[in-house]
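What follows is one structure encoded as structure tokens, with my remarks underneath.
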Amino acid sequence: MPGKPHIIIFNPDQWRGDALGHIGHPAVKTPNIDRLVADEAVSFGQAFVQATVCTPSRCSFMTGWYPHVRGHRTMHHMLNPILGETNLLKVLRDNGYFVWWGGKNDLVPGQLGFEAHCDVHFRPRPADYERWGVVPRPGSHGGDLAWRGDPDGDNYFSFFKGRLDAPEGGVWFDGDWAMVHGAIDFLGTYDGDQPLCLFLPLGYPHPPYCVEEPWYSVTSRDDVPERHVYETWDDKPGLLKGIRDGQHLTGWTEDRWRELRATYYGMCARVDHQFGMLVEALRGAGIFDDSAVFLFSDHGDFTGDYGLVEKTQNTFQDCLSRVPLVVKPPTSVDIVPGVRDQLVELVDFPATVYDLAQIDCGYWHFGRSLAGLFDNPDRPHRDAVFTEGGRLVGEVHASEYESLSAGSRLGLYSPRVSLQVAESTPLPHTKAAMCRDEGFKYVRRAFEMDEFYDLVEDPGETRNLISDSRYGGEIVRLKERMLTWYMETCDVVPRKTDRRNFARA
């Protein structure tokens, strides 16, 4: 047994925080995660991301920095070691861990390679598929796109694909299945001479919304909850209104929305099954007890709420900003299993890893270890959480214009990305930030109306109360809290100091 715990990071993409059985969701089936939380783990039911899209969120939770600290606000600005930016994987590797990485990137510059961040960057080979006895299938974004229908139809931008027709008795063996099987194969051969970090960033339940049996049918359509719907759009962000108009989903019936949502929950159920496979492999390899297992997502998904699908860069509804976060510490750490209700942020993830591994990461960050909550369900943690995104006028390099390459006008993401590159007034991709506590949510928007929601009276965040005088005191309070947050987190001073004068020989 190594002196440091193994670190297992199971990181599905775009999983809403409410889509877990043990949290109380009426439809989604997550028996493997639920069982772990009941017996051996803690689930943080109020965990929030610091950005609602992939790369900014990953840059944040792999460092403990908020996006504004070093400007990580776009899909095309990643953690760059040449610029002095590190990440948790590299820190662990530099401190004696063997790092195995299998899955998507959205974290470090692809042009620089992965050698500085991991010992193995797994990619399946033909021999792997032959050994597994499967035929590789395209991911949900690839293959035949006929499922989208006519470009002028109301399914073209819906991301709804539906049931995947896998071979009888088999699975739709896409990249996620390959990564899970690759991780299981690796665990069967790992000798344990070094503490292990296994990083498994999967693609599901990121849309398109599609899944094979038995997960496609596992969700009872009758149990799917009602959608949140806006009473008015006049006081809502321009990016949302533009996406609504561009996605052409306003005529969908509730039956169609119910089917889309059930398919998404089926995707979550498939990920739960894959997580169960990984847990069994850890047990079979004899390292489960000595492992700290982390399961969390990078952001959520609209899944039909407000008549929208997918996500946005600069809006922060709970369906986008709240995510699952489950932690199973090593058995040497005392724990009271179950759900915690304290507000936590994903910047707390690296702080927890460094705490459990007893590693000085070598840089300043803003995470707070969650370890104190493992055996003390009532311990205070954070009084508020924060999320941010968007850009300034003229800040075109933060608009993700790279995503609007030639011929992409009809791409799945074009209703959103076309608005992100626009320089209209008011700017629809305006820079924005959220401050949320247990009762209220305030959103500051640079070039549009601010937002304020009473989460007790209106948990779906449908009524913007920013102009309601009854809430004036609470609005001022959260504005002041946001100002304090910005002051405390606006920069990071390097630990290594410079000399003021040239040192003579």
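The values are calculated or read from the model by the stated rules, or taken from the named source; none is laboratory data. All values derive from a computational prediction rather than experimental measurement. Please note: Cβ atoms are built from the backbone with ideal geometry, for glycine as well, and neighbour counts cover all protein chains shown. Side chains included, ligands, DNA and RNA excluded: accessible areas come from the protein's heavy atoms. Shrake-Rupley method; radii C 1.70, N 1.55, O 1.52, S 1.80 Å.
Figure note: 235, 191, 378 ranked by solvent-accessible area, largest first, 1.4 Å probe, ligands and nucleic acids not counted: 378, 191, 235.
Ranked by solvent-accessible area (1.4 Å probe, protein heavy atoms only, all chains present), the residues 213, 226, 254, 438 order from largest to smallest as 226, 438, 254, 213. Think of a 1.4 Å ball rolled over the protein heavy atoms: the range 1-150 then has 36 Å² of accessible area per residue. Considering only alpha-carbon pairs that sit under 8 angstrom and 6 or more positions apart, the relative contact order computed for the chain is 25 percent.
With the largest listed first and rounded to whole Å, the semi-axes of the equivalent ellipsoid of the chain from the Cα gyration tensor are 32, 30, 24. In this structure residue 484 has an accessible area near 60 Å², from a 1.4 Å probe over the protein heavy atoms.
Rounded to the nearest whole Å², what accessible area per residue is found for the range 204-289 with the 1.4 Å probe? List each step's numbers first, then the result.
On the way: 3260 Å² over 86 residues.
Heavy-atom SASA per residue in the range 204-289 reads 38 Å².
Treat every Asp and Glu Cβ in the chain as -1 and every Lys and Arg Cβ as +1, leave all other atoms uncharged, and give the resulting dipole magnitude about the Cα centre to the nearest 20 debye. If you can, show how the numbers build up before the last one.
Details: 52 positive and 73 negative charges, 288 e Å.
Dipole magnitude for the chain comes out near 1380 debye.
Remark on residue 387: its backbone amide H falls under 5 Å from those of 434, a criterion applied only to residues 5 or more positions apart or on other chains, H modelled at 1.01 Å from N.
Inter-part distance, the range 225-277 to the range 304-377, computed on C-alpha centroids, equals 24 Å.
Among the DSSP beta bridges whose two residues both lie in the chain, what percent are antiparallel, rounded to the nearest 5? Intermediate results must be reported in sequence, preceding the final value.
Values: 23 of 50 bridges.
That works out to approximately 45 percent antiparallel.
Going by accessible area, probe 1.4 Å, with all protein chains left in place, what is the ranking of 69, 476, 108, largest first? Write out the running numbers ahead of the final one.
On the way: 69 20, 476 85, 108 0 Å².
Descending accessible area places them as 476, 69, 108.
Just tell me the longest site-free run in the chain, where the sites are trypsin sites (Lys or Arg not before Pro) in a DSSP loop having at most 13 other beta-carbon atoms within 10 Å. Segment 1-408 is the longest. Heavy-atom accessible surface of the range 347-426, averaged per residue, reaches 45 Å², computed with a 1.4 Å probe.
Given a cut-off of under 8 Å on Cα pairs at least six residues apart, what relative contact order in percent is computed for the range 377-454?
Working: 110 pairs, mean separation 24.2, N = 78.
It comes to 31 percent, rounded to a whole number.
Evaluating 6.51 cos²θ - 1.76 cosθ + 1.60 at θ = phi - 60° for every residue in the range 323-328, the Karplus couplings come out as 9, x, 8, 10, 10, 10 Hz, glycine and proline recorded as x. Computed in the context of the full set of protein chains, the accessible area of the chain at 1.4 Å probe radius has 51% of its extent on carbon or sulfur. For the range 146-157, the Karplus equation 6.51 cos²θ - 1.76 cosθ + 1.60, evaluated at θ = phi - 60°, returns couplings of 4, 4, 6, x, 6, x, 8, x, 9, 10, 4, 10 Hz by residue, with Gly and Pro reported as x. Over all directions, the projected convex hull of the C-alpha atoms in the range 1-79 averages 7.3 nm² in area.
When you filter the GluC sites (Glu not before Pro) in the range 455-505 for DSSP loop state and at most 14 other Cβ atoms inside 10 Å of their Cβ, you are left with 457. Residue by residue, the range 193-198 carries 3J(HN,Hα) couplings of 5, 10, x, 9, 10, 10 Hz when phi is fed to the Karplus relation 6.51 cos²θ - 1.76 cosθ + 1.60 (θ = phi - 60°); x denotes Gly or Pro. To the nearest 10, the accessible area of residue 363 is 30 Å² with a 1.4 Å probe.
Simple spin-label estimate for residue 449 and residue 396 gives 3.1 nm between the two label positions (7 Å along the Cα-to-Cβ direction from each Cα). With helices as the sole contributors, the chain gives -7500 deg cm²/dmol at 222 nm; each DSSP H run of n ≥ 4 counts as -39500 (n - 2.57), and the sum is divided by every residue. Look at the alpha carbon pairs under 8 Å that are at least 6 residues apart: their mean separation over the length of the range 323-391 gives a relative contact order of 39 percent. Residue separation of residue 498 and residue 336 scaled by 0.36 nm, minus their Cα-Cα distance, works out to 53.7 nm of gained length. Under a 5 Å amide H cut-off, with hydrogens placed 1.01 Å from N, residue 164 pairs with 211, 212, 213 among residues at least 5 apart or on other chains.
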